[in-house]
1. Rounding to the nearest 10 and keeping the result within 0 to 90°, find how far the Cα-based axis of helix 2-23 lies from the longest principal axis of the chain.
2. Taking all protein chains together and a probe of 1.4 Å, list Phe63, Phe203, Phe30, Phe121 from the most accessible to the least accessible.
3. For region 103-157 and region 60-92, what is the centre-to-centre distance using only Cα atoms, to the nearest Å?
4. Go through Arg134, Arg187 and list them by solvent-accessible area, largest first, probe radius 1.4 Å.
5. Quantify, in whole percent, the carbon and sulfur part of the accessible surface of region 93-203 (1.4 Å probe; protein heavy atoms only).
6. Taking the full set of protein chains and a 1.4 angstrom probe, give the accessible area of Phe160 in square angstrom, rounded to the nearest 10.
7. With labels modelled as points extended 7 Å from the Cα through the Cβ direction, what inter-label distance (nm, one decimal) is found for Tyr148 paired with Val105?
8. Determine, from the Cβ-Cβ distance of Arg59 and Tyr83 and an R0 of 30 Å, the FRET efficiency 1/(1 + (r/R0)^6), rounded to the nearest 0.05.
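The values are calculated or read from the model by the stated rules, or taken from the named source; none is laboratory data. Bear in mind that the values here come from a model prediction, so they are computed numbers and not experimental data. Neighbour counts run over all protein chains shown; Cβ positions are idealised from the backbone, glycine included. The accessibility values were calculated without ligands, DNA or RNA, using every heavy atom of the protein model including side chains. Shrake-Rupley method; radii C 1.70, N 1.55, O 1.52, S 1.80 Å.
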Amino acid sequence: MRKRHFIQILLLLLIPLGVRAETTMPGLTFGAEWGYTGTFYSGYHYNFYAPEGYRVDLRKYEFTYDSNAEAYLHIGYNLNENYNVSFYMGISAIQDYHHTLPLSVRLTRLYGNDHMKDRIFSFIDLGSGICVKRQPQEILTGKIGAGYRLSLSRDTKMDFILALRSVLTHPDIKYYGTDIAREKTNRNNAYISAFSLGISLTF
């Protein structure tokens, strides 16, 4: 009888440990994010040599609207119950200039200490990447935003995201229908400001 009582007591002591292990926040995270972007302000500064040999300097900045899409894969790590740092890579369209392959690091702050409950969050995202075009060049990207996280299970979360996004990119230049060669280009900067709406699944 004593042996049986000892086993029963041991099982009762282990049950809370099992529950605690099941609800512990996972360390490694990964997932996918999809988004819609609406450009509301853009501009460019081009400086190049025309086919005829003279130098051309063009600048234009305006409030406008253009719709695009973006998609990302991400992998990260939960530093604790409130902070996650993740690496993002994906594909995004930049107006009608070209597509880009952005690479960035995102720091997310989650509010509330229970990861099993729904929570709000905010984040900052900074990175670079390349333009997908005839002669690839680097880009710079920045994003700041917030959202709401639905906790579907211990490991699975769904995020609804609203953010402001800025991109510095380098489009190819056309001048009166003629492509300007890269070696004839002194400057081909384009600046994009947009809002984005997204959905992310994290596991």
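1. 20 degrees
2. Numbers: Phe63 165, Phe203 85, Phe30 110, Phe121 10 Å².
Final ranking, largest accessible area leading: Phe63, Phe30, Phe203, Phe121.
3. 5 Å
4. On the way: Arg134 130, Arg187 100 Å².
So the residues, ranked largest to smallest area, are Arg134, Arg187.
5. On the way: 3460 of 5600 Å².
The value for region 93-203 is 62 percent carbon and sulfur by accessible area.
6. 90 Å²
7. The modelled label-to-label distance comes out at 3.2 nm.
8. Numbers: r = 41 Å, r/R0 = 1.37.
Rounded to the nearest 0.05, the efficiency is 0.15.
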